[in-house]
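See below for the structure under consideration.
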Amino acid sequence: MERQENLSELVGKKVIDWDPAEGLLDPAHIIYRIRVEYDGAESWDDRFAAFLQDPAVSELSGLVVGMWSREVMEGQEAMEVVEALVAAREKLPNLKTLFMGDIISEENEVSWIEQTDVSPLFNAYPRLEYLGVRGGNNLRLGSIQHDHLRTLVIEAGGLPREVVHDIQRSDLPALESLELWLGTPDYGGSTTIEDFAPLLRKPLFPRLRYLGLRNSAIANEIASVFAYAPIVERIETLDLSLGTLTDVGADALLHSPAILKLKKLDLHYHYCSEEMVKKLEQLGIAVDVSGRQEIHEETWGTDLYVSLGE
């Protein structure tokens, strides 16, 4: 799967590119994206500075950072974007939704996006409720202390274990939705099942209702361990979609009493057999097992691919 289109909706609100000729039409209900053309002359900083001059910018509730430079593979550029966002905090007092890195494959593959330490954003925007980040290279979150963050989404073709450690060290009492795209070692993913030990053993994030460990090359291990983890007994949705889940991991889910307490189990895009799909559909809860992938035996073994790698 490639990201072929920019975000068009986020937290129930329409996302559009900011057009300086039109200005901010409805900043409380429309989320604007600031992006530059790959071969354009204007810098992201200059475009953002012009955006901030609109008198209605203080009403803005959401912002999407799109393509920030043709040098998006350079971490320095991402750091400068974060610095610009932090510097603008007094002009954006109502910002509650922020997505960093709405970059599509035509502009740059997700595995090529060089991110940075985004931890300064949490102090700059204490009312932030949603943070999304695309790209895992050099990404760090720090030990977050934030009272209002409800949703955290990290999309990556390969997620470094340090990011998982940062999240589990964080104090996020309002967090309701945690979505991590773990990816594959081929594109920088170093997270193992052992890296989730705190989440498995400690009562982290008391308000968590949705847990997504998606796009993972270790989907079977995750399913086998989380099927019997205490955290599954208190969430509503477990999302293991877009990864390399086979009958091995699915069987653990099938026989877990905790899974039956969920409202939804999302496994779409998987490598389970047709027989296993039928069994999962009879669990008695909402189960998404669409997008079944065929396992192709090659001379060098069995090839299983996550949905989003490069």
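Taking the conditions exactly as written (closer than 14 Å to V306 by Cβ, more than 20 Å from the chain's Cα centre (by Cα) and not in a loop (DSSP other than H, G, I, E, B)), does G249 satisfy them or not?
Against the criterion (closer than 14 Å to V306 by Cβ, more than 20 Å from the chain's Cα centre (by Cα) and not in a loop (DSSP other than H, G, I, E, B)), G249 qualifies.
Kindly establish whether L149 is assigned to a loop (DSSP other than H, G, I, E, B) and buried (at least 17 other Cβ atoms within 10 Å of the Cβ). Before you say what the answer is, go through the steps one by one.
Values: assigned to a loop (DSSP other than H, G, I, E, B): yes; buried (at least 17 other Cβ atoms within 10 Å of the Cβ): yes.
For L149, the condition - assigned to a loop (DSSP other than H, G, I, E, B) and buried (at least 17 other Cβ atoms within 10 Å of the Cβ) - is met.
Looking at V64, V82, V15, V36, which is the one that is in a helix (DSSP H, G or I) and among the β-branched types (V, I, T)?
V82
Report yes if some residue within the range 183-198 is crowded, with 22+ Cβ neighbours inside 10 Å, of a type in the set (G, A, S) and not in a helix (DSSP H, G or I); otherwise report no.
Taking every residue of the range 183-198 in turn, at least one turns out to be crowded, with 22+ Cβ neighbours inside 10 Å, of a type in the set (G, A, S) and not in a helix (DSSP H, G or I).
Being polar (S, T, N, Q) and surrounded by fewer than 20 Cβ atoms within 10 Å (Cβ to Cβ) is the filter here, so list the residues in the range 101-146 that pass it.
Hits for the range 101-146 are S105, S119, N123, N138, S143, Q145.
Before we move on, is D102 more than 20 Å from L159 (Cβ to Cβ) and not aliphatic (A, V, I, L, M)?
So D102 does not fit the description; no.
State whether the residues of the range 106-116 include one that is of a type in the set (A, V, I, L, M, F, W, C), part of a strand (DSSP E or B), touching a Lys or Arg at 6+ places or on another chain (Cβ under 8 Å) and touching a residue at least 40 places away in the same chain (Cβ under 8 Å).
no
Have a look at Q282, Q293 and point out the one that is over 25 Å from the mean Cα position of the chain (by Cα) and free of Cβ contacts under 8 Å to residues at least 60 places away in the same chain.
Only one candidate qualifies: Q282.
Six or more apart or on different chains, Cβ atoms under 8 Å: show the pairs whose first residue is in the range 20-47 and on the phi < 0 side of the Ramachandran plot and surrounded by 13 or more Cβ atoms within 10 Å (Cβ to Cβ) and whose second is in a loop (DSSP other than H, G, I, E, B) and β-branched (V, I, T).
I31/V11; S43/V36; W44/V36; R47/V36
So if I check each of G212, G243, G309, which one is outside any loop (DSSP other than H, G, I, E, B), under 23 Å from the mean Cα position of the chain (by Cα) and either surrounded by 19 or more Cβ atoms within 10 Å (Cβ to Cβ) or modelled with pLDDT of 95 or more (or both)?
One residue alone meets the criteria, G212.
Report every pair of residues separated by at least 6 positions or lying on different chains whose Cβ atoms are under 7 Å apart, first residue within the range 149-171 and within 16 Å of R209 (Cα to Cα) and at pLDDT 95 or above, second of a type outside the set (A, V, I, L, M, F, W, C) and assigned to a loop (DSSP other than H, G, I, E, B).
L149/E129; R150/E129; R150/E176; T151/E129; T151/E176
Restricting the search to the range 161-175, which residues are under 19 Å from L200 (Cβ atoms) and assigned to a loop (DSSP other than H, G, I, E, B)?
To start, the set of residues in the range 161-175 that are under 19 Å from L200 (Cβ atoms) comprises 161-172, 175.
Correct list: R169, S170, L172, L175.
The values are calculated or read from the model by the stated rules, or taken from the named source; none is laboratory data. Owing to the predicted nature of the structure, the values given are computational and were not obtained by experimental measurement. Every residue, glycine among them, receives a Cβ derived from its backbone with ideal geometry; neighbour counts consider all protein chains shown.
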